[in-house]
Amino acid sequence: MKLNFAKKIMPLICAFVFGLSLTGCHGKPSSSGFEIPESLDSSAEYELTFWAKNDTNKAQTKIYEKAISDFEKLYPNVHIKLRLYTDYGKIYNDVITNISTNTTPNICITYPDHIATYLTGRDTVVPLDDLFADEKYGLGGSELKYDGPKIDEIVPEFLSECKIGDTYYALPYMRSTECLYVNRDYVEKLGYKLPDVITWDFIWEVSEKALEKNSDGTFKLNGQNVLIPFIYKSTDNMMIQMLRQQNADYSDRMGNILLFNDVTKADLLNIAQHVRSGAFSTFKISGYPANFLNAGQCIFAVDSSAGATWMGSKAPLSDIAEDKILDFETEVYPVPQFTQNPGDKGYTMISQGPSLCIFNKEDKQEVLYSFIFMQYLLTNEVQIAYAETEGYVPVTTKAQDCVDYQDYLSRQGEDNSKYYDVKLKATKLLLENQQYTFVTDVFNGSASLRDAAGGLIENVTKSERRHKEVDEAYIDDLYGEMTSLYHLDQTSATGGTKADLGELPMESRLLIRGLILIWLCIILYFAKGYLGNIGDRFKNVKKISK
């Protein structure tokens, strides 16, 4: 009888305790950190999973495979299983799915925006501060079997991007930025000279000029039926950089959404005007900027520096038929600016590119080996080899300054397949300006905010192409749609983010306390009933004994 009572009352007690736990903070990740083993266990076998992205580039796949093979020779008791993706979004979705089943990978290529969401789970991503500083196995550690970078040999701007709050949760792996790829021949044919700094006003003026047509309906500039003077690949970056250049709001570290403001509205109305004329479009609506640029159907194309091997008439990875490619001179510039004089702050350029994180596991040795492999991916050999495949730059000064990499940079244009001049122009542009690059604030929900920023431009462009009037009322309605679509109204507006939402509002706390009180009454009611039954049975036993 006592056992049955305990079985029935325990769920109620658990519910009470769970309810009590809800009255504090909500949505804040719980992390107990990571206790570093004193030494590596080389007697046991470990299998680590590594999820990576490679853009379907076979050269990158071979670099991953060689890095794994070389690492396994150094640590023969460790076996690494590589899983390749072609999209960061798919990695993100798979990690989110696997968190609930505790089947996350050991090492993962990802973005800090994504890590902020992973952190809503309990002890999911390993905090790295203590591991960085560990004398034996940390950055530049004495017990590492390879020559890895010390913490001061990682480009500080890139390393700082890997902090969420006051804690490091990632290491940078590769970095790129956005570049403006320009058909110089077309600009000069229109009667313009390329300035030292290309501004938004210059872009719009030249793009509008290019729309003049012949009597047969073809464009005077290229003699073709198709011409989109300006195409932007990543409209989220476009919106973010435009706001940054104007010192306008976007978000803050607390997760407050500041995107939907008057500066954003003015920019969107201006973009709509140039969509209406046919001067501007986006990748999602029209297709890859490189394809239009290489076919002579575009003057200005904004894409990642990592995409430089696709850009230009001599591009080794061009995706269009050879007989469709127009011969022209390709120039590489920073993204358009709002002023011709950036000043001491330099160009406003977004920093992008993947980082590396590791996930917590029950076996601490498994986690430590994961961290050691993650560091191995920052060695010179891996960094330089990967950077040479596309327009990425190594994330360590150790690799950037080494003789092999400097020799690579000096060979611009020697061999089109390896030293493609447009790729090296894009690479050098980032190297010369990496101290000016920026990233937006990271919090759980910042990835959704980024999508919303791009969604604003995509929707405006789509509506104008469908001849729907885009005015201030339209923009106001669009703000509401984006807020709802990306659940941006679920971010705390009073000092917390989705990753760290702080205390619940008073109304919510009162509601939960009321529910707890109800549960307490139910528990007492059942307890009284059971105790009453025990008393009755005790009386019956006494009567029988008499």
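Of everything listed in (1) surrounded by 15 or more Cβ atoms within 10 Å (Cβ to Cβ); (2) in contact (Cβ under 8 Å) with a residue 60 or more places away in the chain; (3) not acidic (Asp, Glu), the single unmet condition for Tyr288 is (2).
When the residues of the stretch 216-239 are filtered to those that are part of a loop (DSSP other than H, G, I, E, B) and among the polar types (S, T, N, Q), the one that is surrounded by the most Cβ atoms within 10 Å (Cβ to Cβ) is Ser234.
Within the set Ser305, Ser234, Ser251, Ser286, the sole residue that is over 20 Å from Asp327 (Cβ atoms), of a type in the set (S, T, N, Q) and in contact with a Lys or Arg (Cβ under 9 Å, 6 or more places away or on another chain) turns out to be Ser305. Any residue that is touching a residue at least 12 places away in the same chain (Cβ under 8 Å), surrounded by 14 or more Cβ atoms within 10 Å (Cβ to Cβ) and over 27 Å from the mean Cα position of the chain (by Cα) - is there at least one of those in the stretch 157-178? So far as the stretch 157-178 goes, no, none of its residues is touching a residue at least 12 places away in the same chain (Cβ under 8 Å), surrounded by 14 or more Cβ atoms within 10 Å (Cβ to Cβ) and over 27 Å from the mean Cα position of the chain (by Cα).
Out of Ala301, Ala315, which single residue is at pLDDT 95 or above and part of a loop (DSSP other than H, G, I, E, B)?
Ala315
Of all residues in the stretch 372-393, those that are within 19 Å of Cys162 (Cα to Cα) and in contact with a Phe, Trp or Tyr (Cβ under 7 Å, 6 or more places away or on another chain) total 6.
Does any residue of the stretch 256-268 turn out to be assigned to a strand (DSSP E or B) and in contact with a His (Cβ under 6 Å, 6 or more places away or on another chain)? Lay out the reasoning, then the answer.
Taking the stretch 256-268 as the starting set, the residues that turn out to be assigned to a strand (DSSP E or B) are 257.
When the remaining residues are screened for being in contact with a His (Cβ under 6 Å, 6 or more places away or on another chain), the result is none.
For the stretch 256-268, residues assigned to a strand (DSSP E or B) and in contact with a His (Cβ under 6 Å, 6 or more places away or on another chain): absent.
Looking at the stretch 115-149, which of the residues that are part of a helix (DSSP H, G or I) and either in contact with a strand residue (DSSP E or B) (Cβ under 6 Å, 6 or more places away or on another chain) or at pLDDT below 95 (or both) is nearest to Glu366 (Cα to Cα)?
Residues of the stretch 115-149 part of a helix (DSSP H, G or I): 115-118, 129-133.
Going one step further and asking which of them are either in contact with a strand residue (DSSP E or B) (Cβ under 6 Å, 6 or more places away or on another chain) or at pLDDT below 95 (or both), we end up with 115-118, 129.
Details: Ile115: 20, Ala116: 23, Thr117: 23, Tyr118: 19, Asp129: 18 Å.
Step by step, filter the stretch 115-149, then rank; the result is Asp129.
For the stretch 343-358, give me each residue that is touching a Phe, Trp or Tyr at 6+ places or on another chain (Cβ under 8 Å) and on the phi < 0 side of the Ramachandran plot. Scanning the stretch 343-358 gives Lys345, Tyr347, Thr348, Met349, Ile350, Ser351, Pro354, Ser355, Leu356, Cys357, Ile358. Quick one: is Ile203 assigned to a strand (DSSP E or B) and in the same structural domain as Tyr347 (by TED's automatic domain parsing)? Spelling it out, it is not the case that Ile203 is assigned to a strand (DSSP E or B) and in the same structural domain as Tyr347 (by TED's automatic domain parsing). Looking for something touching a strand residue (DSSP E or B) at 6+ places or on another chain (Cβ under 7 Å), assigned to a loop (DSSP other than H, G, I, E, B) and buried (at least 17 other Cβ atoms within 10 Å of the Cβ) - is there at least one such residue anywhere in the stretch 240-249? No, the stretch 240-249 contains no residue that is touching a strand residue (DSSP E or B) at 6+ places or on another chain (Cβ under 7 Å), assigned to a loop (DSSP other than H, G, I, E, B) and buried (at least 17 other Cβ atoms within 10 Å of the Cβ).
The values are calculated or read from the model by the stated rules, or taken from the named source; none is laboratory data. The model shown is predicted, which means the values in this text are computed figures rather than measured ones. Neighbour counts run over all protein chains shown; Cβ positions are idealised from the backbone, glycine included.
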